[in-house]
Amino acid sequence: MSPLIGPGDLGEAVVLDVRWRLAGPPGIESYRVGHIPGAVFCDLDQDLAAPAGAGGRHPLPGAEAFQDAMRRLGVSDSVPVVVYDDADSTAAARAWWVLRYYGHPDVRVLDGGYRRWVAEGFPVTTEEPAPAPGDFTARPGGMPILDATAAGALAEEGVLLDARAGERYRGEVEAVDPVAGHIPGAVSAPTGENVDPFSGRFHPAEFLRERFISLGAVPQVPVGAYCGSGVTAAHEVLALELAGIHAALYVGSWSNWITDPSRPVAQG
């Protein structure tokens with residue numbers, strides 16, 4: 001079953017609006033202007049992450065907190081979930097990944113997001129539903145994860161993909177985190193190249209497979225991904241999944257790596 005879904009195939013799923021931008025404005029503002037009928041707003045910062053700190057800017061939420069958040073949003077174990085954002089699935093992929101990590105069996109990403117929904121003439125609304133509480137049970141371990149030690153080792157022994165823009169990887173620009181650069185041995189793989197720049201939809205599986213193979217993600221080689229705080233790296237993991245490549249996520253990512261000054265930093 002593909003982790004992607006089109007606008008005409010939502011069916012009876014619980015639909016989560018995960019629109020979010022790193023520099024704002026808050027996604028709830030876009031949701032209130034218009035959203036998919038029946039969709040409930042899911043706050044990436046509050047519902048899909050623990051408070052920022054030593055674990056990074058978007059640490060993995062604890063099982064109990066995540067379970068409570070998903071039940072509040074109407075998520076149940078036996079009902080499919082569809083997640084979407086503006087267009088490129090960057091934020092939606094974070095919801096997809098966390099739900100998968102905590103054991104939900106059927107989570108799909110609306111490929112092309114809200115922009116595609118509107119462009120194809122599907123209805124929108126400003127009505128905010130009050131979902132009935134769900135019965136989702138968080139069961140950690142559904143997706144592979146890396147801590148800092150494992151990420152550093154993977155960069156040397158396998159393939160660790162850095163999903164940030166190339167200039168951040170090289171350390172030329174860093175407007176978000178206090179230290180610029182990348183994990184030594186990591187390979188630059190900007191997640192923006194996983195999607196069509198005009199539609200925001202993912203490139204075909206064969207395109208993605210060839211892209212990742214060219215970056216070293218060949219059979220029998222362990223693969224992982226990281227970014228600034230574990231959001232766009234989830235998008236990378238999703239793209240790898242579409243390509244038939246299973247990958248681990250360093251959830252804390254660069255914002256966790258740099259909390260320990262003894263960890264090495266590479267530039268260029």
Completion exercise
Percent antiparallel among DSSP beta bridges confined to the range 146-248, rounded to 5, stands at 10 percent
Practice task
Measure nothing fancy, just the Cα-based angle from helix 90-101's long axis to the longest principal axis of the chain, in degrees from 0 to 90, nearest 10.
Solution key: 90 degrees
Practice task
Add +1 for every Lys or Arg and -1 for every Asp or Glu among the other residues with Cβ under 12 Å from the Cβ of Ala91, and state the total.
Solution key: -4
Problem - Charge tally in the Cβ shell below 11 Å around Asp135, where Lys, Arg are +1 and Asp, Glu are -1, Asp135 excluded - result: 0
Completion exercise
With the charge dipole of the range 97-188 built from beta-carbon charges (+1 for Lys and Arg, -1 for Asp and Glu) about the Cα centre, the Cα from Val176, Ile145, Thr126 projecting farthest to the positive end belongs to Thr126
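How large is the charge dipole for the range 161-268, taken about the Cα centre, if only the Cβ atoms of Lys, Arg (+1) and Asp, Glu (-1) carry charge, to the nearest 20 debye?
Values: 7 positive and 12 negative charges, 21 e Å.
I would put it at about 100 debye.
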Problem - Cα long-axis angle, helix 205-214 against the chain (0 to 90 degrees, to the nearest 10) - result: 20 degrees
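Count charges around Leu240 for me, please; just the other residues with Cβ under 14 Å from its Cβ, Lys/Arg as +1, Asp/Glu as -1. Show your work: numbers first, answer last.
On the way: positive: Arg100, Arg209, Arg211; negative: Asp162, Glu193, Glu206, Glu210, Glu236, Glu241.
Overall, the nearby charge balance is -3.
Would you work out the relative contact order for the range 1-143, in percent, from Cα pairs under 8 angstrom that are 6 or more residues apart?
Working: 277 pairs, mean separation 46.8, N = 143.
Across the range 1-143, relative contact order equals 33 percent.
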Exercise for the section: State the answer as a single residue: which of Leu99, Val265, Val83 lies farthest towards the positive end of the charge dipole of the chain, with beta carbon charges of +1 for Lys and Arg and -1 for Asp and Glu, about the Cα centre. Expected result: Val265
Completion exercise
Stretched fully, the stretch from Glu167 through Ala50 gains (0.36 nm per residue minus C-alpha distance, one decimal, in nm) 39.3 nm
Handout entry: Extension gain, Val218 back to Thr137 (0.36 nm per residue minus Cα-Cα distance, nm)
Key = 25.7 nm
Fill in the blank from the handout: Measuring from the longest principal axis of the C-alpha atoms of the chain, the long axis of helix 63-72 (C-alpha) lies at a number of degrees, nearest 10, equal to 30 degrees
Handout entry: Separation between Cα centres of the range 28-57 and the range 175-254, rounded to whole Å
Key = 22 Å
Problem - Approximate spin-label separation Glu157-Ala23, in nm, with each point projected 7 Å along Cα-to-Cβ - result: 4.0 nm
Handout entry: Using θ = phi - 60° and Karplus 6.51 cos²θ - 1.76 cosθ + 1.60, couplings along the range 153-166 (whole Hz; Gly, Pro as x)
Key = 5, 5, 4, 8, 9, x, 10, 10, 8, 9, 7, 6, 4, x
Exercise for the section: Compute the distance in nm between two label points, each set 7 Å from the Cα along the Cα-to-Cβ direction, one at Asp9 and one at Ala130. Expected result: 3.5 nm
Practice task
For Asp135, list long-range residues whose amide hydrogen, built 1.01 Å from N in the peptide plane, is under 5 Å from its own amide hydrogen.
Solution key: Ser76, Asp77
Fill in the blank from the handout: Under 5 Å from the placed amide H of Leu146, counting only residues 5+ away or on other chains, we find Leu249, Tyr250, Val251
Practice task
Select from the range 131-185 those GluC sites (Glu not before Pro) which occupy a DSSP coil region and have at most 14 other Cβ atoms within 10 Å, ordered by residue number.
Solution key: Glu172
Problem - q = 0.10, 0.11, 0.16 Å⁻¹: log10 I(q)/I(0) that the Debye formula gives for the chain, counting C-alpha atoms only - result: -0.47, -0.57, -1.22
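Can you give the charge dipole size of the range 55-122 about its Cα centre, rounded to the nearest 20 debye, using +1 on the beta carbon of Lys and Arg and -1 on the beta carbon of Asp and Glu?
Numbers: 8 positive and 9 negative charges, 23 e Å.
In total the dipole reaches around 100 debye.
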Exercise for the section: Evaluate the charge dipole of the chain about its Cα centre and quote only its size in Debye, nearest 20, assuming +1 on the Cβ of each Lys and Arg and -1 on the Cβ of each Asp and Glu. Expected result: 160 debye
Problem - Backbone N within the range 101-116 under 12 Å of label point (7 Å from Ser199 Cα along the Cβ vector) - result: 111-113, 116
Exercise for the section: Search the structure for amide H atoms under 5 Å from the amide H of Val82, placed 1.01 Å from N in the peptide plane, and list their residues when 5 or more places away or on another chain. Expected result: Val14, Val15, Leu16, Arg108
Fill in the blank from the handout: Residue span Ser188 to Ala175: 0.36 nm per residue of separation minus Cα-Cα distance leaves a gain in nm of 2.9 nm
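Coordinate-derived values only; no laboratory data. Since this is a predicted model, take the numbers as computed values, not measurements. Don't worry about glycine lacking a Cβ; one is built from the backbone with ideal geometry, like all the others, and counts go over all protein chains shown.
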